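Structure first, commentary second.
The values are calculated or read from the model by the stated rules, or taken from the named source; none is laboratory data. Predicted, not measured: the structure shown is a model, and the values here were computed from it. Positions of Cβ are generated from backbone atoms using ideal geometry, with glycine treated the same way; all protein chains shown enter the neighbour counts. Quick note on the areas: whole protein, heavy atoms, side chains included, nothing else; ligands and nucleic acids left out. Shrake-Rupley method; radii C 1.70, N 1.55, O 1.52, S 1.80 Å.
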Amino acid sequence: MTLCGRGDEHHGARERPRQKDKREAQREELNENESKVCFFNLRNLREENSLSLVGVSADNLRALAETKRTGVLQAICKYRQSIHKISPRHRLRINEILQAVIRSASSIDYRLANVIIKLASEDMLRTTDLRDLYQDAAGDILVALWNHFPAEVLAKLLEGFQGRLLPYRSILCVLGKLANQAFSESDSSKLDVWERKLVEFVERLLIDITDRTCCEELLHKLLKGDEVDQSRSVEKVFLYQYYGAIIRVSDNSQLVQEHLCKILALSHRGPTEMKGIASAVGLAASRHLDEVLQALEDFSKTISAEETPVTRTSQYYCWNTLLLCYGRLALGIKDEVLPRVELIMAKMIEYFTINPLDMNLKKSFLIAVLMFLEAVAATGKAQGVQLHMKTTLVECLIVLIEREPLNMLVNTVRQDAMYIVKEISQLKPLLETEMKSSLLCASFKSIFCLFPLDVLERNYCAGLIAVPSFSLQGLYHQAMSSLEEMLQGLLLENPHPRELRNMLELMEPWMTSTLDHERERAVQTAMKLLKFVAECFHCDLSQEFSQFAHLTAVLLVLCNDPAECISSSAVQGVSCLCEVLLRRKSLKQRTQKRRKWSVMKTSKLQETGSLGLTESEWQIAMHCEDRLFSSQLTNLLLSALDSLRRSDTELLKAAEEVLDAVLQNHVRKIERVKDVVAAISICLQLRQSSYWTRKVVLRVLTLMIPHHMEEAVQSCLSFAIPIERHGNELWTAMAAGPQVATQVLQLLLKNLQAKDPRDESSTTMSLAAMNVIRETFLIPGYRAALVEMHLQLFIPSLKQVLYVMQLDLPESLRAQQEFILRENPRALSFQSTSVEIMKSLFSITGEWEVYACIEFQQGWRVLCGPQQFLQGTRLIARAMAECGSSQIPGIFGEAALILSSEEDELKKMTALALVIEFLKSPSAVKMMNRFSLKDHLEEGLAASNPIIKELCWKGLSSFVFQQEKVKFLRDQLPALINSVFGGLEENILQGLKDIMAAVYDMDGQGIGPISVDLALNVRSFFEDESAAVRAAAISLFGQLVTRAKEADKAVLKKEVVYSLLALLLHLKDRDNTVAMACKLTLLNCGIFLGWAHLKLMFRSMAWADTWSCLVNVWKNLMRNNHDNIHIFISQALGYLHHPQIEIRHTATRFIGHTLNYYSSQLSKNLDQDDICHLTKVFQAMESSPDSTMANFAKTYRVILQKLTVKRRLAGAGERSGQALDSSSQDGKQLSELEERAVSPMLQLEGTPVLKRRETLEVPTPTRTKRPFAQRGSSIFPFQPDPTR
C-alpha cells in the first residue's frame, strides 16, 4: 500500500450512481451518421486489414468515445451481438478498445455494464489460437469494470468456479489482479464487497466439501511450482485470500491454528507471499481473532530463534509479513480493533525497530500503520481512542524521515510518514511540544533541503540515481503536499494559536535561508498553512498579535525577495495572516472563548479536505502591486498601532517589529494615511503611553512622511486646533531632516494661503496651518528650514495678521477658541498666534535689534489693530531699515514682485507699506531699478483705492526720488528747534514730533553740529511734568543717537553718557509710554556706546519683571562706564527729591547698589568733601517721613563709613608715595567683591539680591573733580510730597 494518488481516498468513499441521468445519456448517444462511422471503424479492426488501418480506426473510436462514450460502448456491444462470425484477433482488438473506453469513463450505464460483463465472461472461457492473450484481454475488461460495479463483477467471476474448488486459469488470473488491487487501494466499500462476496462463496462451497480438504488442496496449490512459473504469481494473492476465507468460515479451532501456522511458514518465499498471507490472516481474524493473535505471537518467537546468517533474508521477509498481518488484522476485526490498539501498535513498532535501515521493512511498517489507522477511522470512534504508543510511533517516523536522502527522491517513505502523522493527530493524547518540534524540524529539513528539482532531474538523466517508479515531479509535489497536510493535521490536533506560532517559528530559518530553493519551499509552505487557518478557522487572533508579529515582519521583508515566486508566496502569506489577525471586527458579535479556536466544519472539508477559498468571505493578494495587499498592509499597520495602546511590553515589542517591517519595506503601499495619523495621535494622547510607545509611533510618522507627505500634513492639521503636547510631538517627528522640514513648511504655507471665504474647511485649515507654523519655531528640527524660508513666510504671515483680525470666525471655531481660552488663560488666540509668528520670524534670524525696536515702540500692539495694520506694517519695516536688517533685500524683492503681479489689493497694500520704508535702506535702493519700482509707484497714483494712492505718494516723496529734500529739511531744522521752546505744552509736544519726523525723513543723512545742542536741549525735557512730552523727548533722543553720523558721534557721546542714569530711573516712570521709550532709547544708547551683552539686556527689559529689568540695566551701566560711576552717583542724589516716589526709591537703590559693589572704585574718585556731603545726605534721609528711604539711609551708613576709611587709607598711601601695584589692587578688589556681604536693603520691596560675578578693572580718572555740593545742587528745587 502506498500513498500515491490517494487524494480523496482517505476522506471516505462516495456513493456511485448506478444509472446516469437520462438527459446526459441522450447527449452521449450516437446519431445515425456517427453510428455508421463507428461500425465502419469496428469493421476495419478485422484481421485481414493492415496494421496502419487498424491503428487509425482504433484512434478514431477512442476519439469518438471522448465525447460520445455511451454511444461507442453501445455500438461495440451491438456489433458483437449482431455479428457472430468474428475472428479471435478481431474480437481481441475490439476488446482492447472496449477496455480503454471503460478505463477512461467516470460512470457507465448499469444495463450496458451487465451486457459487457456477460460478453467479457464468455470471452474469458473461450479457447482460441491466441491462447492466454485473448482470455487476458477479456479479463482486463472485467478488471476495468471493477471500479464501477465491484459486486456484479465479482459475482460473475465466482460463478465461473462452477462448484469446483479452483476455477479456470483465466478466472483465477482476473481474481488475482482484483485481489492485488483490493490489497493496494484503501476503498473500504470495494474491500467490503470483495470480502463479503468471497466469504459468501466459501460458505456455499463448504456445504459439499470439507474445510480440511479445501485447505489441504489450496496449500498444495501454493507450494506447487511457484518458483518456476513467476508469471502466475499474481494469482497467489487471491489464493491466499481464498485460503483465509476458508479458515475464517471454518468452525474447527484446531484446523484454524494448524493452517495459520502453515500459511505463516510460507512467508519466507518472497513479497507475493507477504501480501497474500497478510490478506489471509486479516480474513481469518475477523472470526478467529484470538487464534490469529496467538499464531502471530508464536511465529514471531520462532523467527527470533533463527539467528543463522543464511536465514537473514528470509527473516526480513517474515518480519515484513508480520507487520502486514497486523495491519490486515486491524482492518479485518473492525470495531474489535479499539480495545487492542496498544497491542497492535506495540507489535508493529517492535518489528520495525529490528532493522530500521531495511527499505522493505520501512515500506511494510508504513503500510501496516496506514491500515491500522484506516481501521481505527472506520470505526467512527477515533476521537475517543487513547493511543499511548503515539509518542513512540512518532519517534519511529522521525527516524524514517531523517534517514531519507536529500539528493534523491525515488520513493514515498517520507511522504507516507508525514501522512501517518496527519492521521494519528486525530488520536489522543496530544503530542508533547518537544516531540512535535523534533518532528517538525526533521520534516522541514527533509523537504526544504531536497536538491532543486532541476538538479534531481539532471541526476536521473545522468544515471547517477535510479529512476523512480513514479514521475519525479509527481513525487516532489506529493512530498510538498504531504508536509502541508501534516502541518494542518497537527494544527487540528491542538487548535491553539501557540501551535501555529511554534510551527512558523521553526520554519523561519528556512524562510530566511540564503538558498533560493529552500526559501521558496519554506515560504510556500508557510503561506499554505496560513491560508488553511484563514479559510478553516473562525477565530480572533487580535489578542495574539504579539505572537505573530515577528513572523509578519519576516514575511513582509520577503515580499521584496528578488525571486518572484518567493515574493508572490510571501505576499499571499501576509494577506492570509492579515485576514487572521484582523478578523476581530467581523467577530465582534460572536461569543467565543478568548484563546480557543472553533474549526469550521463543512461537508466540503470533510469529504475532500481541500482549501478552496470562498470569494464572498475574503480574497488573497497575489503580488505586491495588488491593491488588496496595500489595503491589508494598512489594516495591519492600524492593528499594530492599536496594540500600542496597551501596556504589555511583549506586545509593544511585537508591534514595533511589525511597524518597522511594514514601513521599511512597503511604506509606499500604505493607504488611508489619515486613519494612520489618527491612530498615531490616539496613541500619543493616552496618559499611560510610555516613552517607548511614543517613540515607536512617532517613528511610524517619520518613516511615512517622505512618501506620503501631503496626506500626512493634511491629516496632522486636523489636530492643530489647538496644538497640544501630542500635536507638538507629531510635528517634531515630521522634521526628520532639513529637506523634509522644508517641504513640510512649504505645504503649511500653501494651506495658510488657501483661503476661501465660502468654504469653512479652508478657513479651518488656514488657521490650523498658522498654529503649526507658530509651533515650528519652538521645534529645533525646523530652525534651519525656517531660516531658509524666512523670505517666503514673511509677507504671507504679515497678511495673515490682518486676515485673522477681519475674519468672522465660524460658530464652531469661535466656540472652540472660547473653550480653549477658558480652560487655559495662557493659551493664544488666533489673533495672538498670527502676531507671534511675526515676532518669531525676527527671532529665528537673530535680529533682536529689530525685534526690540518694534517691541519698545509697541509695534505689535499697533499691528493688531484692524485700522492700524498698515501703520504697524510700516513700523516693522522702519525698524528693519533703521537696524540695517539683512533680510531687507529678500523681502524687498518679494514685495516688488507682488506689486508687478495681479495680486489682491490687501497684499499690494502690505507690499507697498514695506517698500516705501525699505527705501531708506541702502540695500533696498540698490535693487530698486531692477524691479522698476518708480514705474509701479507712479501707476499706483492712478489707483482707485485712496490708501494705495497715499502709499505711492509717500514712496515717491522719499529722498531716493527727491534728492533736494534732505537740504530743505536740514535748513528747516533750527526753526523747528526754536519752536520747541515756545512755552506751551502743545507747541513743545508738536515741535518734538516735527523734529522727529524731520530727522527720520532725512533718511540718516545726519544733522551736523547742531546734534549736540539738540541733544542737550532734549535732555532738559526728560523731567517734564507732562508724560507725553517726556516720552517724545526720550524718543527723539533715541532717534538722534540712532541716526548720528560717524563725524558727530564723538561730540554726542558725552550727552549720551549723561542721559543714561535718567533713562534707567525712568524705567520706573508711572507712565508706561515713557518707560517703553526709555527701554528703546537705552538700547540705542548701548549700541551707540558699543556695550556688550545687549541682547541679554533687551530680554530682561522686554520680558522680565521691572526690578529684574532694573538690575540688568544697572549691571550693563556699571560694567561699561567705570570712569563715570561717581557722575551717576551725583546724578542719583538729585533724584532723591523726584516728584514720583517710584523714581525716588529707584535712585535710592541705585546709590545703595553702587556704594555696596563699587566702593573701591568710588574711594579713588571721591575726595573727603564728597564723602562728607554723602554723609549729610544720609543723615537727612534718616529723618525722612518716607520709611523706605529712612531705613535705607540707616542701613547704608555702615557702607559709607567703610568708604571713608578706604579713602583715608588711599590718601595716606598717596602721601607716602608707595602706590600698590595695579595687579595687586585688582586682586584685592576681587577678594573684596567676593567676600562682601550683601546689604539687607537690596531685599526691600521684593528687590532681587545682586551677586558680584566678575571684577571690572576701573582706571583712575584724570579729569578734575568738583565736590558734590557744587555740582548743580538739587535738580528738583521743590520738596515732593513723600506720600506721592
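Inside the range 764-777, can you point out the residues that are without any contact (Cβ under 8 Å) to a residue 60 or more places away in the chain, open to solvent by 10 Å² or more (accessible area, probe 1.4 Å) and of a type outside the set (D, E, K, R)? Selection gives T764, M765. From the list L409, L440, exactly one residue is part of a loop (DSSP other than H, G, I, E, B) and under 26 Å from F365 (Cβ atoms). Which is it? Testing whether each residue is part of a loop (DSSP other than H, G, I, E, B) and under 26 Å from F365 (Cβ atoms) leaves just L409. Scanning the range 200-221 for residues that are buried (at least 17 other Cβ atoms within 10 Å of the Cβ) and β-branched (V, I, T) yields a count of 1. One residue stands out among those in the range 378-410 that are in contact (Cβ under 8 Å) with a residue 60 or more places away in the chain and touching a Ser or Thr at 6+ places or on another chain (Cβ under 9 Å): the one that is most open to solvent (accessible area, probe 1.4 Å), which is A378. Only a single criterion out of (1) without any contact (Cβ under 8 Å) to a residue 60 or more places away in the chain; (2) open to solvent by 10 Å² or more (accessible area, probe 1.4 Å); (3) in contact with a helix residue (DSSP H, G or I) (Cβ under 7 Å, 6 or more places away or on another chain) is not satisfied by S886, namely (3). State which residue is modelled with the lowest pLDDT when the search covers only the range 1108-1137 and only residues that are open to solvent by 40 Å² or more (accessible area, probe 1.4 Å) and either assigned to a helix (DSSP H, G or I) or in contact with a strand residue (DSSP E or B) (Cβ under 6 Å, 6 or more places away or on another chain) (or both). It comes out as D1123.
One residue stands out in the range 758-810 among those that are in contact with a helix residue (DSSP H, G or I) (Cβ under 8 Å, 6 or more places away or on another chain) and among the basic types (K, R): the one that is farthest from A733 (Cα to Cα), namely K799. The set of residues in the range 1164-1188 that are open to solvent by 10 Å² or more (accessible area, probe 1.4 Å) and touching a Leu at 6+ places or on another chain (Cβ under 8 Å) comprises T1175, V1177, M1181, T1188. In the range 711-743, how many residues are under 19 Å from H666 (Cβ atoms) and open to solvent by 40 Å² or more (accessible area, probe 1.4 Å)? Residues in the range 711-743 being under 19 Å from H666 (Cβ atoms) and open to solvent by 40 Å² or more (accessible area, probe 1.4 Å): 2 in total. One residue stands out in the range 135-176 among those that are basic (K, R) and part of a helix (DSSP H, G or I): the one that is farthest from S107 (Cα to Cα), namely R169.
Per-residue answers, yes or no, for (1) touching a Lys or Arg at 6+ places or on another chain (Cβ under 6 Å); (2) closer than 21 Å to I566 by Cβ; (3) of a type in the set (S, T, Y); (4) open to solvent by less than 30 Å² (accessible area, probe 1.4 Å):
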residue: L490; (1), (2), (3), (4): no, no, no, yes
residue: N494; (1), (2), (3), (4): no, no, no, no
residue: R521; (1), (2), (3), (4): no, yes, no, yes
residue: L529; (1), (2), (3), (4): no, yes, no, yes
residue: E535; (1), (2), (3), (4): no, no, no, yes
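In the set (1) at pLDDT below 90; (2) assigned to a helix (DSSP H, G or I), D561 fails one condition alone, (2).
Taken as a whole, the range 735-751 holds no residue that is outside any loop (DSSP other than H, G, I, E, B), more than 20 Å from P706 (Cα to Cα) and at pLDDT 80 or above. Of all residues in the range 542-553, those being surrounded by fewer than 23 Cβ atoms within 10 Å (Cβ to Cβ) and either among the hydrophobic types (A, V, I, L, M, F, W, C) or modelled with pLDDT under 75 (or both) number 7. For residues that are more than 19 Å from L906 (Cβ to Cβ) and of a type outside the set (A, V, I, L, M), scanning just the range 932-952, find the one that is least open to solvent (accessible area, probe 1.4 Å). Going through the qualifying residues, I end up with S932.
Within the range 75-87, being open to solvent by 40 Å² or more (accessible area, probe 1.4 Å) and either over 16 Å from S35 (Cβ atoms) or modelled with pLDDT of 85 or more (or both) holds for K78, H84, K85. For the range 140-199, the candidate set comprises residues that are at pLDDT 75 or above and acidic (D, E); within that set, the residue that is most open to solvent (accessible area, probe 1.4 Å) is E159.
Write out, first by first residue and then by second, each pair whose Cβ atoms fall under 6 Å of each other, whose residues are 6+ apart or on separate chains, and whose first residue, in the range 736-751, is under 12 Å from M789 (Cβ atoms) while the second is not in a helix (DSSP H, G or I). Between residues of the range 736-751 that are under 12 Å from M789 (Cβ atoms) and residues that are not in a helix (DSSP H, G or I), the close pairs are A741/A735; L745/M789. Looking across the range 1027-1052, the residues that are in a helix (DSSP H, G or I) and farther than 24 Å from L1067 by Cα come down to E1046, A1047, D1048, K1049, A1050, V1051.
Yes/no matrix, rows are residues, columns are (1) more than 17 Å from G489 (Cα to Cα); (2) under 37 Å from the mean Cα position of the chain (by Cα); (3) not β-branched (V, I, T):
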{"residue": "L406", "(1), (2), (3)": "yes, no, yes"}
{"residue": "T412", "(1), (2), (3)": "yes, no, no"}
{"residue": "K428", "(1), (2), (3)": "no, no, yes"}
{"residue": "L431", "(1), (2), (3)": "no, yes, yes"}
{"residue": "S437", "(1), (2), (3)": "no, yes, yes"}
{"residue": "C449", "(1), (2), (3)": "yes, yes, yes"}
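The residues of the range 123-134 that are open to solvent by 20 Å² or more (accessible area, probe 1.4 Å) and modelled with pLDDT under 85, listed by number, are L125, R126, T127, T128, D129, L130, R131, D132.
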